[in-house]
1. Report yes if some residue within segment 124-132 is at positive phi and out of contact with any Cys (no Cβ under 6 Å at 6 or more places or on another chain); otherwise report no.
2. What is the residue count in segment 75-93 for residues that are part of a loop (DSSP other than H, G, I, E, B) and surrounded by 14 or more Cβ atoms within 10 Å (Cβ to Cβ)?
3. Looking at (1) among the β-branched types (Val, Ile, Thr); (2) open to solvent by less than 70 Å² (accessible area, probe 1.4 Å); (3) part of a loop (DSSP other than H, G, I, E, B), which is the only condition Thr170 fails?
4. Would segment 39-59 turn up any residue that is within 25 Å of Ser113 (Cα to Cα), of a type outside the set (S, T, N, Q) and touching a strand residue (DSSP E or B) at 6+ places or on another chain (Cβ under 9 Å)?
5. Go through segment 16-67 and report how many residues are open to solvent by less than 30 Å² (accessible area, probe 1.4 Å), of a type in the set (S, T, N, Q) and modelled with pLDDT of 85 or more.
6. So which residues in segment 153-167 are farther than 21 Å from Gly110 by Cβ, loosely packed, with under 15 Cβ neighbours inside 10 Å and modelled with pLDDT of 90 or more?
7. Pairs needed: first member in segment 2-27, within 13 Å of Gly43 (Cα to Cα) and of a type in the set (A, V, I, L, M, F, W, C); second member anywhere, exposed (fewer than 11 other Cβ atoms within 10 Å of the Cβ) and at pLDDT below 85; C-beta distance under 7 Å; at least 6 residues apart or different chains.
8. Have a look at Phe12, Phe7 and point out the one that is at pLDDT below 85 and open to solvent by 60 Å² or more (accessible area, probe 1.4 Å).
Amino acid sequence: SATLIEFDIFNFGGIPQTLTPMGVSINGIPQGINQPQDGVFTGVLGTDSTFTFKFDRTFDFSEPGEYTITVYTQLEEDSVLDNDTTSITIFSAPTISELPYQEGFEEDNGFWSVDASSQNSSWAYGEPTGLTIDQAASGDFAWVTNLEGNHENDERSFLVSPCFDFSGLTEDPVLQFAIFLNLSAFGAQAFVETSTDGGETWAKLGTDDS
């Protein structure tokens, strides 16, 4: 769908800045932002100040997959380039409406992704070769917390599925999946959560003793 890109500009320099040209690329491809209308910040940005800027044109992220968005300033007289660029990677997930849904991850990662809120994530898609998990539940490929060994210390990570459209169901959906757990005794846990508002809020599925 058509989406606006919004970002914050911060002035690290010692003097106010104005007429700052900017650009944006998606997956390394410059998006040809028109200048001077939309590709130039025409306000005055004081020292140690921040302004939220939004490009006028929209971008289509409806095609499922990963998108790395890079935004950068282009001041000719700027001698410090390290702080001129910021990047973020987002994932556009498909909506699954054909049920029942089955995914063995043999052709690709199934459009599952690691949530950006994860901390010290070791989730990876590929062929497991660790001592504890040395093979997939079926076939050769799987999602594993570290394909070659243990998960990270202090890890709090989330693997997110594609979106599902259950509007045509007359009964509650049933979730079944193969999982192998090797949890420590220091409060480690694994759980499934669901969201009905596009990931804004989440609720645990089932109860702790189920």
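The values are calculated or read from the model by the stated rules, or taken from the named source; none is laboratory data. These numbers were taken from a predicted model, which means no experiment stands behind them. Glycine gets a Cβ as well: all are built from the backbone with ideal geometry, and neighbour counts include every protein chain shown. Remember, those area values only see protein heavy atoms, side chains included, never the ligands or the DNA or RNA. Shrake-Rupley method; radii C 1.70, N 1.55, O 1.52, S 1.80 Å.
1. Yes, there is a match, as at least one residue in segment 124-132 is at positive phi and out of contact with any Cys (no Cβ under 6 Å at 6 or more places or on another chain).
2. Matching residues across segment 75-93 total 4.
3. (2)
4. Here is the first cut: in segment 39-59, the ones within 25 Å of Ser113 (Cα to Cα) are 58-59.
Pick out the ones that are also of a type outside the set (S, T, N, Q) and you get 59.
With touching a strand residue (DSSP E or B) at 6+ places or on another chain (Cβ under 9 Å) added as a condition, the list becomes 59.
Yes, that holds for at least one residue.
5. Count: 1.
6. Going through segment 153-167, the residues farther than 21 Å from Gly110 by Cβ turn out to be 153-156, 167.
Next, from what is left, pick out any that are loosely packed, with under 15 Cβ neighbours inside 10 Å: 153-154, 156, 167.
Listed by number, the residues that qualify are Arg156, Ser167.
7. Every condition considered, the pairs that remain are Leu19/Thr42.
8. Working: Phe7 fails: open to solvent by 60 Å² or more (accessible area, probe 1.4 Å).
It is Phe12.
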